[in-house]
Every structure is written in structure tokens, then in C-alpha cells.
Amino acid sequence: MKEEHLTRTLRVIDITVVAAGVIVALRLDALSPFEGTALQFLVALTFVSLLDIMLPHGDSVDVDSALLVAGLYILGPGTLIPVTILARSFAHIAGRNRRKSSPFIASLAKRVAGLIAAAPLALAARAWDPSQIGGQYFGVLLPGLVFVLVELLYGQFSSAVSRRDSVLRMLLGNLSLQGAFVAAGISVAMLTVITYEEMTVWGLALMTFLLAIMRQSFALLIEVRTAYHATVEALIGAMEAQHPTQEGLGEKMAALARRTAGEYGWFGSRVENVGYAALLRCYSLSFENVDATTGDVRPTPLAEVRFLKPVEPLLSALSRPEERDPGENVLAGAYMVALTLASRLPNQMSEAAERVGRRLAEPIRRRIERAHEEALRKTESL
């Protein structure tokens with residue numbers, strides 16, 4: 001019941017933001033019949049809106065941000081807001097999930113929120129003299145940065161509320177994944193402004209094609225990461241088949257470890273690596289085996305999985321305490337994994353948690369323990 005109330009509240013906020021965007025457009029006298037430029041952007045935005053990439057955890061990578069940033073400079077926010085609303089609506093009707101209204105309204109609201117926030121700077125930029133040094137570039141860059149940051153913040157807001165997580169932490173984690181894509185988008189926005197002055201609709205078509213290529217490249221990256229994750233899941237599935245009573249335990253441990261790392265202040269690949277370490281350690285999987293007779297160390301098949309290489313030091317810190325100091329971050333990550341597993345498997349991991357904890361400075365150890373307690377509290381309340 002509480003979740004339903006939260007969902008309804010978030011939808012009301014989204015609808016309010018969209019309505020506020022319409023009011024801003026009306027105040028700017030922008031709802032007169034569209035000119036050719038607006039129609040060109042409407043077609044381009046509708047096409048690009050169909051190319052959004054859905055991430056595994058429910059977030060999305062927006063391909064249309066570059067055209068929206070360029071549109072702030074070329075069309076102005078008053079005209080761009082209704083163009084955006086129409087383009088997203090057309091794309092929603094033409095898309096596969098046309099029956100699901102909530103994701104559509106949320107995607108529309110975050111764009112409108114970004115356009116409203118960037119509107120004052122965009123209007124000021126349109127009054128700048130483009131012949132001045134850097135005038136045109138700053139006229140695109142500054143409103144574009146405001147738009148992207150507000151759009152990302154708003155997009156993470158509902159997810160953070162639902163997961164009882166920090167909006168800022170989720171924003172930083174999101175930027176660590178798609179920061180390069182966002183930066184490339186702003187560069188494309190500048191190119192769009194420059195080429196549109198000389199080539200008009202052909203320049204816009206060229207930049208739309210470039211965005212489609214960027215989208216495909218990023219989608220391939222996501223597919224590779226998903227394939228790696230599927231490899232680990234298949235391995236864990238085989239382990240669980242031998243121990244049916246442990247089904248789902250590894251994923252729970254990984255989720256708790258990731259939340260602990262997030263509460264500690266980490267984001268991006270560090271959080272992901274701690275989760276993988278907890279998952280592998282839960283099933284006693286490692287990157288090397290020690291021959292009981294000869295003492296020789298031999299690599300396991302996991303050692304051949306390149307994307308898991310950053311996880312290896314975390315497991316080594318847990319299993320080989322005699323090694324020299326691997327570094328504060330590695331020890332911190334290993335301690336998070338040990339605390340996570342000790343909370344569910346105390347007979348196996350309490351000693352390892354003590355051993356690794358002694359190697360950390362007390363302030364860091366206490367901070368990790370507080371992060372773990374907070375992660376436990378939030379996990380149990382879900």
C-alpha cells in the first residue's frame with residue numbers, strides 16, 4: 001500500500017512538471033504554428049526518441065539529449081518544450097510499450113524539467129553576439145550542462161526514493177557509466193549548431209545519423225557487459241544446482257555488498273566489483289587453486305575472465321592475509337565483502353572479517369561498519 005502511494009505521488013510530480021513546461025511555453029508565446037525549423041527538429045527528435053537504451057536496472061540512456069541541447073540554442077526553450085512533448089508522444093505511440101503510461105510520463109517530465117532549468121541561460125545565450133570569441137560555444141555549453149545535470153538528477157530522483165538511496169550517489173554512479181556518452185552528446189550539440197547554420201536540414205540529418213551510430217556503439221558496450229554478467233550468473237546457477245538450499249543466496253549477498261559500498265560513498269565500478277566479490281566468495285569460487293600436495297598455485301577458469309580482474313585483489317585479501325598490504329581501497333572492499341557474508345554466514349566469515357578489519361585504520365573500519373549497518377537496515381525495510 002505504501003509503495004502504491006509513493007508511485008502515485010511520483011506520477012503527480014511528473015504530471016505537474018510537464019504542465020509547468022506547457023505554462024512556460026505559453027508565457028514565452030511559443031505555441032503559435034511551428035516554422036520549418038521546428039518541424040525539422042520535431043521529426044529528428046521523434047526518430048531519435050525511439051533509440052533510447054534501457055539499462056538492466058531500469059534506468060535509460062537518452063540519445064536525444066544532444067538535439068535538445070542544440071534546440072535550446074536554435075529554437076529557444078519556448079518552442080523546444082512543445083516540440084519535445086510532441087516528439088516524445090509520437091515516439092511513445094509508435095513504440096512497443098505504448099500501453100505503459102508511467103515510464104512515458106517520467107521520461108517526458110525529466111526532459112521538461114531540464115529545459116525549464118536551462119531556459120534562463122538559453123534565452124540569455126540567444127542574445128549574445130555569436131561573433132565574439134567563444135560566444136556561440138558558451139551559448140550551447142552552459143545551458144547544455146544545466147539541462148543534462150537537471151535531467152539526470154530528476155531521472156535518478158524516483159529511483160533513489162524507491163530504493164531509499166542517495167540521489168547524489170546514484171547520479172555519480174550513473175555518470176561513471178555514461179559520462180563519456182553525455183560528453184560526446186554535448187559535443188554533437190555544438191556540431192549541430194555549427195552545421196545547421198550552413199546546411200540547415202541536411203546538417204540536422206547528418207547529426208541525427210551520428211547520434212544513431214553513437215547509440216549503437218553504446219548499446220554494444222552494454223551488451224558486452226550483460227554477456228559478462230550472464231557468464232557469472234550461469235556459473236552461479238551451476239553451483240546452486242548442487243546446493244538447492246542456497247538458491248538466490250549469492251545474489252542477495254551481492255546486493256547487500258553493493259548497498260554497503262554505496263552507503264560508504266563508492267559508486268560505479270567499485271560498487272560493481274564489491275558485488276561480484278561477494279557473489280564469488282559466497283560459493284567459495286576463486287581465481288586460483290593451491291595444490292594440497294605440492295603447494296603449487298594454479299589459475300582457475302575465472303582467471304581468464306578479463307572483466308573480473310579488478311575483483312581478484314578483493315578475494316586475495318580475504319584468502320591470503322600473509323600478503324603485503326594491497327592498498328586501502330582493496331582492504332576496504334574486502335572488509336565490506338567479509339561483513340556482508342558474516343551477517344548471513346557467521347561460521348565461515350567472522351574470522352576473515354576480523355582479520356581484514358585489523359589491517360584497516362580505525363576511522364575507516366568504523367565508517368565501513370556504519371555503512372554496513374545502514375545497508376542492512378534499508379535492505380530489511382524493503
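The values are calculated or read from the model by the stated rules, or taken from the named source; none is laboratory data. Just so you know, these numbers come straight off a predicted model, no measurement behind them. Glycine gets a Cβ as well: all are built from the backbone with ideal geometry, and neighbour counts include every protein chain shown. Accessible surface is based on the protein model in full, side chains and every heavy atom, while ligands, DNA and RNA are left aside. Shrake-Rupley method; radii C 1.70, N 1.55, O 1.52, S 1.80 Å.
Taking first residues from the range 77-94 that are touching a residue at least 12 places away in the same chain (Cβ under 8 Å) and partners that are among the β-branched types (Val, Ile, Thr) and outside any helix (DSSP H, G or I), no Cβ contact under 7 Å between residues at least 6 apart in sequence or on separate chains turns up. Set side by side, the residues LEU211, LEU177, LEU171, LEU204 differ, and just one is under 20 Å from the mean Cα position of the chain (by Cα), modelled with pLDDT of 85 or more, of a type in the set (A, V, I, L, M, F, W, C) and open to solvent by less than 60 Å² (accessible area, probe 1.4 Å), which is LEU211. ILE194 falls short of the stated requirement of being free of Cβ contacts under 8 Å to residues at least 12 places away in the same chain, open to solvent by 50 Å² or more (accessible area, probe 1.4 Å) and either in contact with a His (Cβ under 6 Å, 6 or more places away or on another chain) or β-branched (Val, Ile, Thr) (or both).
When CYS282 is tested against (1) of a type outside the set (Val, Ile, Thr); (2) modelled with pLDDT of 85 or more; (3) buried (at least 24 other Cβ atoms within 10 Å of the Cβ), just one condition goes unmet, and that condition is (2).
For every residue, the table says whether it meets (1) in a strand (DSSP E or B); (2) modelled with pLDDT of 80 or more; (3) over 25 Å from the mean Cα position of the chain (by Cα); (4) of a type in the set (D, E, K, R).
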residue: HIS5; (1), (2), (3), (4): no, no, yes, no
residue: VAL17; (1), (2), (3), (4): no, yes, no, no
residue: LEU31; (1), (2), (3), (4): no, no, yes, no
residue: PHE47; (1), (2), (3), (4): no, yes, no, no
residue: PRO56; (1), (2), (3), (4): no, no, no, no
residue: LEU67; (1), (2), (3), (4): no, yes, no, no
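Criterion first (at pLDDT 80 or above and either among the basic types (Lys, Arg) or not in a helix (DSSP H, G or I) (or both)) does ARG258 satisfy it? Considered against the rule, which asks whether it is at pLDDT 80 or above and either among the basic types (Lys, Arg) or not in a helix (DSSP H, G or I) (or both), ARG258 comes out as yes.
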